[in-house]
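Read-outs: derived from the displayed coordinates by stated rules, not from any lab. What you see is a predicted model; the values in this text were computed from it and never measured. Here the Cβ positions follow ideal geometry from the backbone for every residue, glycine too, while neighbour counts run over all protein chains shown.
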Amino acid sequence: MNAEIDFVVPEFEEYLRDESRRAGSAEQIIFAKCDDDIRKALQSGLPVTVQGARTGIAAGAVPDGGIILNLSRMKNIGDVQGDRISVQPGALLSEIRERVEAHGMFFPPDPTETSASIGGMLACNASGAMSYHYGSTRNWVNALRVMLPDGDILRVERGVKADGLSFVLKTESGRTISGELPDIRMPAVKSAAGYYVKPDMDLLDLFIGMEGTLGVITEAELKLLSVPPLKQALCAFFPDESSAIKFVRFVREELDPVAIELFGHRALDLLRNSEIELPNLPAHFHTAIYFEFHGDNEDVLEEGVLAAAEKMAELGAGDEDCWMADGVREIECHKAFRHATPEAVNLLIDQRKKKHPGLTKLGTDMSVPDEHLDEVLGMYREDLAAASLEYVIFGHIGNNHVHVNILPRDMEEMAKGRELYLKWAEKVVAMGGSVSAEHGIGKIKVPLLEKMFGSEGIAAMRNFKKLFDPEGILSPGNLFG
């Protein structure tokens, strides 16, 4: 037997949870190393929760009984072949980056957590700061190898299309899987909420963002780009949020950045009071915008930076209110600052959990169309003030996709925060937005997905899942509860 199979005894308790801080239960854990190990889990007769590095924050990797199928030991990374590389699901983003950068290439998806596994990134169609320009994980996948619950293999390459909402796929054994795609509306914004479905779509995209519910990804062929020869980044600190948002609109309309990130004034205050070692943040730094440029023409890049600097000064952020980075090492320092906010949030919540063990942060990753950005930010601020809740706002403002992290001080505030999230979900959906732009639904955001697609849409997705997983054994609780 190749698999390592253990009953879930204390030394494996960490595998009952992920970064959501939610814990589950399981009867066994299997650390798969090959296809046969995966088949053993799938043919056990028990529900199977697929798991990678467990860096997700929506509890998608948290088991709800049955078997944990952990793929962290399937981490082979192939050789770079032109602009392609094949990897197993357990390979970490940091490991993939190291391999491809040695060949002068890079893998553009840029989630905050570089210890994420590629399987987890595929599961929720992960994205990050640079997704503003380069798009999410889905944009950088050329082919997938997927094991179905009966042990059969499906290899799907980009270019195989649906006919309207009808689709046909053939497995390696010659079996045909066919049917109709769910007739649901995809929002015209950044989204990682439920199955990705469009008429005449590329069928490969069905399996990116499926959150372990249709099959087990055993290999992925990724697309790469050459490393941009020139990189520059700036972090500008504005005297108020209004000026910062005006600057965001200018950068989006007039320049060509690869990333635009927001840090609200409460996020900066949290960093000032945290134990994380950071550069000095003067009191007049109210709202920060981080932006980054890539290119191959120094004059064009310099022109963009100068235009940004002029607009920053016009809006109240002078030279002394800006951090500039030129080159990979300096940009990494900026990114460490950018990543410090969620780290500070987690540290604060961990302290509060000592008094209230059931406490967790409450984090949104909703997105809206451009025309609703001011409206949604105003809604967040007004509702949080009325509820007297502590919070920070930060994230991917370029995609109108900010993270609102509510920081409850007790279980009563946690319940109030959850009520707000359901209210916001309804309003965001009415604006044409998505209830999850990058972290997926998992088990935590199931009620939000119901707000987005309604009972008929959820039923359509359930029926679609049955075409691939008729017994419903894969990742129970994800997407549908």
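Here are some notes:
- Reference-scaled alpha-carbon Rg (2.2 N^0.38 Å with N residues) for region 98-222: 1.08
- Distance-filtered residues of region 117-142 - backbone nitrogen under 16 Å, label point 7 angstrom along Val300 Cα→Cβ: 133-134
- Based on DSSP H segments of at least four residues, each scored -39500 (n - 2.57), the chain has a per-residue ellipticity at 222 nm of -10000 deg cm²/dmol.
- The angle between the Cα long axis of helix 411-430 and the main principal axis of the chain comes to about 90°, on a 0 to 90 degree scale.
- Plainly put, region 315-389 has a radius of gyration that is 1.07 times its Kirkwood radius, both from alpha-carbon atoms, as the Rg/Rh ratio.
- Region 4-70: relative contact order in percent, alpha carbon pairs under 8 Å with at least 6 residues between: 43
- Unit Cα scatterers, Debye sum, region 230-430: log10 I(q)/I(0) for q = 0.10, 0.13, 0.16 Å⁻¹: -0.44, -0.73, -1.06
- Note, ³J(HN,Hα) from phi for region 354-362, Karplus 6.51, -1.76, 1.60, rounded to Hz, x at Gly and Pro: 4, 8, 10, x, x, 6, 9, 5, 10
- FRET efficiency for the Ile153 to Ala307 pair, using the beta carbon distance and R₀ = 51 Å, is estimated at 0.50.
- Under 12 Å of direct C-alpha separation, and excluding same-chain neighbours fewer than eight residues apart, Lys198 reaches these aspartates and glutamates: Asp163, Glu180, Asp183.
- Crossing angle, helix 298-314 versus the chain [Cα axis fit, 0-90 degrees, rounded to tens]: 60
- Rg ratio for the chain: its Cα radius of gyration over 2.2 N^0.38 Å, N being its residue count, equals 0.97.
- Ordering 199-206, 286-293 by mean Cβ neighbour count within 10 Å, with the highest value first, yields 286-293, 199-206.
- Non-local Lys pairs in region 230-430, i.e. 8 or more apart or on different chains, that have alpha carbons under 22 Å apart: 11
- Normalising the Debye intensity of region 65-111 to I(0), with uniform scatterers on Cα atoms only, and taking log10 at q = 0.13 Å⁻¹ returns -0.34.
- Where GluC sites (Glu not before Pro) fall in DSSP loop in region 10-102, at most 15 other Cβ within 10 Å: Glu27
- Three-way shape label, region 327-461, alpha-carbon gyration tensor, a/c 1.5: oblate
- Scaled radius of gyration (Cα, divided by 2.2 N^0.38 Å) that region 426-471 gives: 1.25
- For Gln81 and Glu371, the difference between the fully extended length at 0.36 nm per residue and the C-alpha to C-alpha distance is 100.2 nm.
- Spread over its residues, the convex hull of the C-alpha atoms of region 159-318 is 202 Å³ per residue.
- Maximal additional length on extending the Asn139-Lys355 stretch stands at 73.4 nm, based on 0.36 nm per residue less the C-alpha distance.
- Each Cα pair under 8 Å and six or more residues apart adds its sequence gap; the mean of these over the residue count of region 323-456 is a relative contact order of 26 percent.
- Average projected area [Cα convex hull, region 353-427], square nanometres: 4.8
- Spin-label model distance (nm) - Arg175 vs Ala386, 7 Å beyond Cα toward Cβ: 5.2
- The value of relative contact order for the chain, using C-alpha pairs under 8 Å at least six residues apart, is 17 percent.
- Compactness of region 4-70 is given as radius of gyration and Dmax, 11.0, 31 Å, from Cα positions.
- Using alpha-carbon coordinates, inclination of helix 373-387 to the longest axis of the chain, degrees: 90
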